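One structure is given here, and the rest of the page talks about it.
The values are calculated or read from the model by the stated rules, or taken from the named source; none is laboratory data. Being a predicted model, the structure only gives us computed values, none of them experimental. A quick note on method: Cβ atoms are made from the backbone with ideal geometry, for glycine too, and the neighbour counts reach across all protein chains shown.
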Amino acid sequence: MEGVKAKSTVTFENRLVSNNGNLSCYEIADDSDVILEEILPPVNIHTTSVPSPPFSSSGSKYETLCSTLGVSCMEETSVIRSVIREKRAAFSKEFKSFDEHIWRHFQINGQDDRTFSWKMTVRQKLLTLIRQIYKDSNLIAVGSTVNGCGSYNSDMDLCICQPYKNHSFDANRSYSIHVLRKLHKKFVTDWRQMFKTCQYIPAKVPIIKLEMAAPYEELEIDINCNNVAGIYNSHLLHYYSRVDDRFPALCLLVKHWAINAGINNAMMGTLNSYSLILMVLHFLQCGALPPVLPNLQFLYPSLFNATCSLDSLELFRDLPYPLPPREFNTDTVGELLIAFFDYYARFDFKNKAISIRNGCVYGRELLADNTVRFKIFIEEPYDQKNTARCVTSIENLQLIREAFTSARNAFLQTSAGPPNLECIGVR
């Protein structure tokens, strides 16, 4: 849990964090509707305008630690930690079962090696076909398939990397449409026996949506072209997942909870799965004391930046040098889950924005005027766009607030009994 351990070095298209577990019953699918969100230019926030990573409360015992890790924590979060510890003392046996249930949920529902290998077999078959048309292309798995936070029944998201005239991966929409339409035509004619369905979707980020035929009929695939931002952020999240197992375990559970709570649907104006993952990541950086996760972009700027070549984005490697010596956060996964709900039940979405890149919260007055209509602002770690830009109505913001408050109260209100996942709709 503490260190990033070496595994066989592989290139980005041939890997995954594995969570050995059996297949089970929960239907937790990735929301590919994130591709339908509006594409906006990145927000122009100068680094000097955003609070720098060091701890903002002068004199705190964690000031030096947070500065070293590149995050800025809120000291008031220590209050809820004490409340949760008191509750654990009152329900010691039940808390132990609660923690075990969360880990069991992760083991049963997380993507295992067998599922990953199965997906990579399909990826290779598709790449072989695609190279009949685009011989210099590559096909890279992104999202939950590789970031360590996915479930066994998640769809597979793939990015075709097809060099443009200048030998770069041009994100120009018209070029992406050209590539995808040409492939779609081949998919539905010469290669149609491989698919149950094949649909071209001219969204803001155009995709081909595939439903595979036997023997891969349980797999659905979304293919985009040259949307390389997803490759970089998948690489980053992959390493966060390897730093501490509590991160992917919480991500999987929070996503399951959010689906049941009706707030994990970008098409309906709530949160997409990527935003939920970043919310967990931010909490573990800034809402837990001592921090559970460091700021990898701060500690390893040469490894986690959008100027690295795609060929250099290898997974399952040691970090270039060890993480700084630090006090380890000993909170259990159950304690962190409760604190997570409390953190966002109290979060000031109207006035505050979240930055993973800077490991902090900052005032929304620093954002461009055209971001006012977004009720939640979560900065994408690389391009600085708002990953929660689908949340534009007060009603949906209230729905999200109520979901977090309800989950918090299920554990912490005066009448709450011992903790269990059923009280937040997860079984």
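Being under 28 Å from GLU100 (Cα atoms), modelled with pLDDT under 95 and in a loop (DSSP other than H, G, I, E, B): is that true of ARG317 here? Criteria not met by ARG317.
Can you tell me which residue among TYR274, TYR300 is of a type in the set (Phe, Trp, Tyr) and surrounded by fewer than 23 Cβ atoms within 10 Å (Cβ to Cβ)? Break it down into steps so the answer makes sense when it comes.
Details: TYR274 fails: surrounded by fewer than 23 Cβ atoms within 10 Å (Cβ to Cβ).
Sole residue among the options that is of a type in the set (Phe, Trp, Tyr) and surrounded by fewer than 23 Cβ atoms within 10 Å (Cβ to Cβ): TYR300.
Inside the range 248-265, can you point out the residues that are of a type in the set (Gly, Ala, Ser) and either modelled with pLDDT under 95 or in contact with a Lys or Arg (Cβ under 9 Å, 6 or more places away or on another chain) (or both)?
Residues of the range 248-265 of a type in the set (Gly, Ala, Ser): 249, 258, 261-262.
Those that are of a type in the set (Gly, Ala, Ser) and either modelled with pLDDT under 95 or in contact with a Lys or Arg (Cβ under 9 Å, 6 or more places away or on another chain) (or both): none in the range 248-265.
Pairs are defined by a Cβ separation below 6 Å, a sequence spacing of at least 6 or placement on different chains, a first member in the range 180-201 that is within 14 Å of ILE221 (Cα to Cα), and a second member that is of a type in the set (Lys, Arg); the pairs so defined are GLN199/LYS209; ILE201/LYS209. Criterion first (assigned by TED's automatic domain parsing to the domain that holds PHE304 and surrounded by fewer than 16 Cβ atoms within 10 Å (Cβ to Cβ)) does ALA416 satisfy it? Here the answer is yes, as ALA416 does meet what is asked. In the range 148-182, the residue that is nearest to TRP103 (Cα to Cα) out of those that are in contact with a Phe, Trp or Tyr (Cβ under 8 Å, 6 or more places away or on another chain) and part of a helix (DSSP H, G or I) is LEU180. Restricting the range 353-374 to residues that are among the charged types (D, E, K, R) and without any contact (Cβ under 8 Å) to a residue 24 or more places away in the chain leaves a set whose member that is nearest to GLY70 (Cα to Cα) is ARG364. Quick check on the range 286-298. Is at least one of its residues in the same structural domain as ILE356 (by TED's automatic domain parsing) and more than 17 Å from ASP244 (Cα to Cα)? There is at least one residue in the range 286-298 that is in the same structural domain as ILE356 (by TED's automatic domain parsing) and more than 17 Å from ASP244 (Cα to Cα).
Apart from one condition, ALA388 fits all of (1) of a type outside the set (Phe, Trp, Tyr); (2) touching a Ser or Thr at 6+ places or on another chain (Cβ under 6 Å); (3) surrounded by fewer than 19 Cβ atoms within 10 Å (Cβ to Cβ); (4) within 22 Å of ASN305 (Cα to Cα); the exception is (3). When ILE208 is tested against (1) in contact (Cβ under 8 Å) with a residue 12 or more places away in the chain; (2) outside any strand (DSSP E or B), just one condition goes unmet, and that condition is (2).
Residues that are farther than 29 Å from LEU278 by Cβ and assigned to a loop (DSSP other than H, G, I, E, B) within the range 115-147 comprise ARG131, GLN132, ILE133, TYR134, LYS135, ASP136, SER137, listed in sequence order. Reported count of residues in the range 362-410, each being in a helix (DSSP H, G or I) and among the hydroxyl-bearing types (Ser, Thr, Tyr), is 3.
Could you list, in sequence order, the residues of the range 180-194 that are crowded, with 18+ Cβ neighbours inside 10 Å and of a type in the set (A, V, I, L, M, F, W, C)? Outline the logic, then answer.
Step one: filter the range 180-194 for residues crowded, with 18+ Cβ neighbours inside 10 Å, giving 180, 183-184, 187.
Answer for the range 180-194, where residues must be crowded, with 18+ Cβ neighbours inside 10 Å and of a type in the set (A, V, I, L, M, F, W, C): LEU180, LEU183, PHE187.
Per the listing ASN138, ASN147, ASN172, the residue uniquely without any contact (Cβ under 8 Å) to a residue 60 or more places away in the chain and either within 26 Å of the chain's Cα centre (by Cα) or in the same structural domain as ILE223 (by TED's automatic domain parsing) (or both) is ASN172. Look at (1) closer than 30 Å to ALA89 by Cβ; (2) in contact with a Ser or Thr (Cβ under 9 Å, 6 or more places away or on another chain) and you find that LEU281 fails only one, number (2).
Scanning for something touching an Asp or Glu at 6+ places or on another chain (Cβ under 6 Å), within 28 Å of ASN305 (Cα to Cα) and assigned to a loop (DSSP other than H, G, I, E, B), does the range 328-345 turn up at least one residue? No: zero hits. Residues that are of a type in the set (Gly, Ala, Ser) and farther than 19 Å from ILE277 by Cβ were ranked within the range 208-245; the one that is surrounded by the most Cβ atoms within 10 Å (Cβ to Cβ) is ALA213. If you go through the range 309-320 one residue at a time, do you hit one that is among the polar types (S, T, N, Q), assigned by TED's automatic domain parsing to the domain that holds PHE411, out of contact with any Phe, Trp or Tyr (no Cβ under 8 Å at 6 or more places or on another chain) and in contact (Cβ under 8 Å) with a residue 24 or more places away in the chain? No, every residue in the range 309-320 fails to be among the polar types (S, T, N, Q), assigned by TED's automatic domain parsing to the domain that holds PHE411, out of contact with any Phe, Trp or Tyr (no Cβ under 8 Å at 6 or more places or on another chain) and in contact (Cβ under 8 Å) with a residue 24 or more places away in the chain.
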